[in-house]
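The next block holds one structure in the form of structure tokens; read it before the comments.
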């Protein structure tokens with residue numbers, strides 16, 4: 001089972017805490033960069049000189065599903081202080097591709113079976129080549 005790190009960043013004495021999930025594809029630079037700039041925005045710090053609105057978006061904090069959410073201590077207490085990312089940050093919205101699950105699942109399963117067959121074929125070929133190298 002893969003675990004997901006939750007970055008907990010506390011900002012001040014107002015009782016609010018920023019919770020950020022560091023997983024996912026960053027919009028710019030890196031996960032830690034996204035977290036750093038979200039934290040600075042959340043704290044109300046001035047934007048860096050190089051920050052361009054057209055390239056990076058507005059310099060203002062907002063909750064981003066699947067990435068970060070500002071939560072009060074009361075919100076955290078409601079979850080018995082369990083800081084699992086999904087409890088607060090949630091998941092990114094996923095676009096519906098329009099293909100019904102009843103059609104998609106069998107297709108994906110068939111694709112997977114083809115991959116398994118190809119894997120077995122390649123393993124046989126690799127084993128044969130290793131035997132040839134050993135016996136040479």
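The values are calculated or read from the model by the stated rules, or taken from the named source; none is laboratory data. The structure displayed is predicted, hence computed values, not measured ones. Every residue, glycine among them, receives a Cβ derived from its backbone with ideal geometry; neighbour counts consider all protein chains shown.
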### Summary
Going through (1) touching a strand residue (DSSP E or B) at 6+ places or on another chain (Cβ under 7 Å); (2) at pLDDT 65 or above; (3) outside any helix (DSSP H, G or I) one by one, residue 8 fails only at (2)
### Task
Might you check whether a residue that is assigned by TED's automatic domain parsing to the domain that holds residue 41, surrounded by fewer than 10 Cβ atoms within 10 Å (Cβ to Cβ) and touching a residue at least 12 places away in the same chain (Cβ under 8 Å) occurs anywhere in segment 77-86?
no
### Extreme residue, nearest to residue 16 (Cα to Cα), among residues of segment 38-86 that are touching a strand residue (DSSP E or B) at 6+ places or on another chain (Cβ under 7 Å) and assigned to a helix (DSSP H, G or I)
73
#### Entry: Qualifying positions in segment 88-126 - in contact with a helix residue (DSSP H, G or I) (Cβ under 9 Å, 6 or more places away or on another chain) and assigned to a helix (DSSP H, G or I)
88
